[in-house]
Amino acid sequence: MKKKIWTIGLFCILLIMLAGCGKNKNDQNKQQSTSGKDYVYKVTPLEFEGWENGNYTSVTKAGDNFFVYGYEYDDNGMKFHMASLGQDYSIKEENVISLGENESLYQSTWDEQGNMYTIKCVYQTEGDMEEDYQDTYYLIKMSPSGEEIFNICLNELPQARELAEESGWFYTGDMVVQDEFIYLRIIGKIFQFDREGNVLKMVKGDEENSFDNMYLYPLSNGKMAGIVYEDDGIYAGYVDLTKEKITQKAKLPGNSYDYSVYAGDSRYDLYLADNYGIYGYKIGDDDKTKLMDYIDSDLGVYSIYNIVSVNDREFFGSYEDVEFDDSMIGLYTKVDPKDVKDKETIVLACAGLRWEIRNSVVKFNKSNEDYRIVIQDYSALYDTEEDYRAGINRLNADIVSGKVPDILVLSSDMPVESYIAKGLFEDLKPYIEQDPGLDLNNFMPNIIEAFSTEGKLYRLVPYYYISTILAKTSDVGEERGWTIQDVNNLMNSKPEGTQFLNYINRDYMLRECMTLSGNQFIDWETGNCSFDSDSFIEMLEFLMQFPEEVSDAVYTDDYWNNYDAMWREGKVIAQIYTIINFRDYNYAQKGTFGEPVTMIGFPSANEDGSTIEPAMQLAMSSKSAGKEGAWQFLRYYLSDEYQDEITDGFPLSIKRLDELGREAMKKTTYIDEDGNEVEIQDYIYIGGVEVPIDPMTDEEVERFKKNLYSFTQVYTYDEQLLQILEEETAAYFGGQKNAKDVAKIIQSRAQIYVNENR
């Protein structure tokens, strides 16, 4: 079988720590906080000439032999393709098993002689529905040439049948072939078979050592590991079949639910894989050992699956490569650190990394000859099942103490305005102005201005959303913005029972108030607060109109059956809405409301309760020693290459915005089997009725774009400030204090908070 092998380029980086970071034991144990030459692998994707409509996607090992398999589906059912590999990892011997439309194979594994063991399930179909009917499971052994050696109906095993009668259903779990035995979980018990398919024993376990939610892994030392998924994380231990218990059971280190788990090699009991790399782990150890880093290896992958050790420097693994947009099996080979090219390192830190940034980092590292981005994801480093905020808290603490990375991915959990006031970020406007490939005039001026402070651009927002409140233009007029009095006047003109917003409680409204129109009460540039103003007191009185809680009793079948029609029929006046593209707005107008709408915003004294919500925010440290390299990375988000790919969100590029506007005036299309572009009509269902959604007109697009140019307020979510408001407004909402007294207390606390964080 012909084999094509090509190599995805490999790069690497120098070992580095953030400037000023202490090297305590905890930091050293956090292996992802460093990145370097020791974690670089190259991957050789193996593409076999398989069948026409599929490919081998999984690999397994028995003794010194490797086997690959995959699935093909057609109108007649499933075909299971399996093959052994030769010494050069090409196809050696291939077999195909054809299955019916209600049959499937799973838990396939092999032994040292090349015999395959698998579970076939025959599913219950509608035609055979009976009260006590159960899916039927078979344990099958096949020779290397594809001949069936035995076929055992597991449902008919006496012990299994008895378990099924007790539990009321039949199911099987994972299977392991080890030594001369076959181990298979059936209804939460471990059945031991010999290689001829005879049942030797059933291991029951007990309440403390239940095998029901355990997964079995054969280890290279002859032992068997058990992986247990519990409420507080993933645990690993050794399965002692003689004592029918799990020994040395211990929770996997870190945020264990992030891991996929695989059998290890002679060095480690297990391989752990997450979104950043692969680690070795010995059961009972306090920490894992980092083996491979995807970013260091320039791999654009979400993760690597189905890991199978070849030797201490190589392993097989399945992955979906972004570049090739296909599932592949790769042979991963460790690169000698001395063969890795040195580059200047730029540190990018975040608390939870989005895929698009990660992918941009990989592309940058592969193409840039001078610089390399190192990612420090504090959430991956420090979050646990017990404390999911440990990462963001640690990152904020590091920033405040002066440990600011070269590039920072900002989030709503960071006091961004405070960091700007402290001078921690670099002004990016001069970089744009001096970049020969960029022109500041090509970008939305109001967005640039909104995210500037005193004329300086401290954060880069490549694209954004609009968070607002929508209402019918016939109710509120064409101009954006209204006051609380305007809302009250409108509601007084409506029939009794009309809702302003659809069953929103008071706490939710308080948060929406502060995120959509909170800028009217706090000015970070000047440091002044106005929570003791008449407008804030009026806001408190407005919020008092909303219920403390919304009873579940309102969510009846009638409510859900008529939910989509509430706004069209005028039963609900407004809707809190985040608009992410032209299509979103068009569907709201012609679908949800059934007529033109106005982005009226949250009612506020300054009549501007709509905000620009950043879809992504990036900043450069003012203390960075690698500003040139950091800018080379950041400028990518302003390039046509990036801006032209934006669809879900409004681009910073004026040219791209105009293109999206023109696309909004066209019908949705698809390419038929003859290669022709065919237009289709878009629909939305309202009250069970199909409502056509026509493309936007030129006038609608231009009016909408004009609105996009008018937004100036930034969406702000400040958890600490919200906590102050929630604590103090409780006395007013509970009737213990009046609005004016509560406003004075909030003003005092908020002013102290702002002063401390500027």
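Every number in this text was worked out from the coordinates using simple rules, so none of it is lab data. The shown structure was predicted, so the numbers you read here are calculated from the model rather than taken from an experiment. Cβ placement follows ideal geometry from the backbone for every residue including glycine, while neighbour counts extend to all protein chains displayed.
Report the antiparallel proportion of the DSSP beta bridges in region 340-465 as a percent, rounded to a multiple of 5.
Given both bridge residues lie in region 340-465, the antiparallel proportion sits at roughly 20 percent.
With respect to the cross-link table entries 61/366; 37/366; 245/282; 655/706, which display a Cα-Cα separation exceeding 24 Å? Walk me through the intermediate numbers first.
Numbers: 61/366 32 Å; 37/366 15 Å; 245/282 19 Å; 655/706 14 Å.
As for pairs spanning more than 24 Å Cα to Cα, those are 61/366.
When only C-alpha pairs under 8 Å and at least 6 residues apart count, what is the relative contact order of region 621-752, in percent?
12
Note down the relative contact order for the chain as a percent, whole number, built from C-alpha pairs under 8 angstrom at least six residues apart.
Value for the chain: 11 percent.
Quick one: length gained pulling residue 571 to residue 636 fully straight, 0.36 nm per residue minus the C-alpha distance?
On the way: separation 65, 0.36 × 65 = 23.40 nm, distance 4.69 nm.
Fully extending the segment from residue 571 to residue 636 adds 18.7 nm.
Once the dipole of region 301-399 is set up with Lys and Arg at +1 and Asp and Glu at -1 on Cβ about the Cα centre, which of 393, 380, 368 lies farthest towards its positive end?
The residue sitting farthest along the positive end of the dipole is 368.
Taking Rh as the Kirkwood radius, which is the inverse of the mean 1/r over Cα pairs, what is the Rg/Rh value for region 368-461?
Radius of gyration relative to Kirkwood radius: 1.03.
Once fully extended, how much extra length lies between residue 167 and residue 731, figured as 0.36 nm per residue of separation less the alpha-carbon to alpha-carbon distance?
Fully extending the segment from residue 167 to residue 731 adds 197.7 nm.
Can you find, among 168, 138, 181, the residue sitting farthest towards the positive end of the charge dipole of region 128-193, where Lys and Arg contribute +1 and Asp and Glu -1 at Cβ?
Value computed over the given set: 181.
Compute, for the chain, the length of the dipole vector about the Cα centre, with Cβ point charges of +1 (Lys, Arg) and -1 (Asp, Glu) only. Units Debye, rounded to 20.
Dipole of the chain, to the nearest 20 debye: 2860 debye.
Between residue 622 and residue 671, what length in nm is gained on full extension when 0.36 nm per residue of separation is reduced by their alpha carbon distance? Working shown, then result.
Numbers: separation 49, 0.36 × 49 = 17.64 nm, distance 4.96 nm.
Result for the pair: 12.7 nm of gain on full extension.
Determine the principal axes of the Cα atoms in region 437-494, then give the extent along each, sorted from largest to smallest and rounded to whole angstroms.
55, 22, 15
Hey, rough spin-label estimate for residue 683 and residue 123, points 7 angstrom out along Cα→Cβ, what's it come to in nanometres?
Going by the 7 Å Cα→Cβ label model, 2.7 nm.
Which three extents, in angstrom, do the Cα atoms of region 312-446 have along their principal axes, listed largest first?
51, 47, 32
If a paramagnetic tag sat 7 Å from the Cα of residue 741 along the Cα-Cβ line, which residues of region 709-732 would have the backbone N under 17 Å from that point?
Of the residues in region 709-732, 727-732 have backbone N under 17 Å from the label point off residue 741.
What FRET efficiency, computed as 1/(1 + (r/R0)^6) with R0 = 51 Å and r the Cβ-Cβ distance, is obtained for residue 474 and residue 389, rounded to the nearest 0.05?
0.70
Among 158, 302, 575, whose Cα projects farthest towards the positive end of the dipole of the chain, with charges put on the beta-carbon of Lys, Arg (+1) and Asp, Glu (-1)?
302
Return one number: the angle in degrees, 0 to 90 and rounded to the nearest 10, between the long axis of the Cα atoms of helix 739-756 and the longest principal axis of the Cα atoms of the chain.
60
Would you work out the charge dipole size for region 190-230 about its Cα centre, treating the Cβ of every Lys and Arg as +1 and the Cβ of every Asp and Glu as -1, and quote it to the nearest 20 debye? Walk me through the intermediate numbers first.
Working: 4 positive and 7 negative charges, 55 e Å.
Around 260 debye, computed over region 190-230.
Starting from region 258-314, pick out the trypsin sites (Lys or Arg not before Pro) whose DSSP state is loop and whose Cβ has at most 15 other Cβ atoms within 10 Å.
Sites meeting the loop and neighbour criteria: 267, 282, 313.
When only alpha-carbon atoms are used, what values of Rg and Dmax, in angstrom, describe region 532-574?
In Å, with Rg to one decimal and Dmax whole: 15.2, 44.
Where the only charges are on Cβ atoms (+1 Lys, Arg; -1 Asp, Glu), what is the dipole of region 381-476 about its Cα centre, to the nearest 20 debye?
I would put it at about 180 debye.
Decide, for region 420-468, between rounded, prolate and oblate: order the square roots of the alpha carbon gyration tensor eigenvalues as a ≥ b ≥ c, take rounded if a/c falls under 1.5, and otherwise choose prolate if a/b is larger than b/c, else oblate.
oblate
Over 19 Å apart: what share of the alpha carbon pairs of region 569-627 falls there, rounded to a whole percent?
51
For the chain, divide the Cα radius of gyration by the Kirkwood radius and give the resulting Rg/Rh value with two decimals.
1.01
Rounded to whole Å and ordered largest first, report the semi-axes of the equivalent ellipsoid of region 531-637 derived from its Cα gyration tensor (root of 5λ).
After scaling each eigenvalue by five and taking roots: 38, 23, 15 Å.
Under Stokes-Einstein, with the Kirkwood radius over Cα pairs standing in for Rh, what whole-number D in µm²/s applies to region 181-324 at 4 °C and 1.567 mPa s? Working shown, then result.
Values: Rh = 16.3 Å.
Answer from the Stokes-Einstein relation: 79 µm²/s.
Rounded to the nearest 0.05, what FRET efficiency do residue 150 and residue 401 have when you use their Cβ-Cβ distance and R0 = 56 Å?
Working: r = 66 Å, r/R0 = 1.18.
Using R0 = 56 Å, I get an efficiency of 0.25.
Helix 506-517: angle to the longest alpha-carbon principal axis of the chain, degrees 0 to 90, nearest 10?
Between helix and principal axis, roughly 70 degrees.
So, counting K/R as plus one and D/E as minus one, what does the shell of residues with Cβ under 9 Å around residue 694 add up to?
Computed value for this residue: +1.
At 7 Å along Cα-to-Cβ for each site, give me the label-to-label distance between residue 422 and residue 208 in nm.
4.9
Tell me the relative contact order for region 42-195 as a rounded percent, counting alpha carbon contacts under 8 Å between residues six or more apart.
Numbers: 284 pairs, mean separation 18.7, N = 154.
Contact order relative to length: 12 percent.
Once the Cα atoms of helix 719-733 and of the chain are each reduced to a long axis, what angle between those two axes, in degrees from 0 to 90 to the nearest 10, is obtained?
60
Mind checking which lysines have their C-alpha under 23 Å from residue 403, skipping anything on the same chain fewer than 8 residues away?
Residue 403 reaches 23, 25, 30, 343, 422, 456, 623, 627.
In whole angstrom, how far apart do the alpha carbon centroids of region 343-396 and region 650-706 sit?
The distance from the Cα centre of region 343-396 to that of region 650-706 comes to 36 Å.
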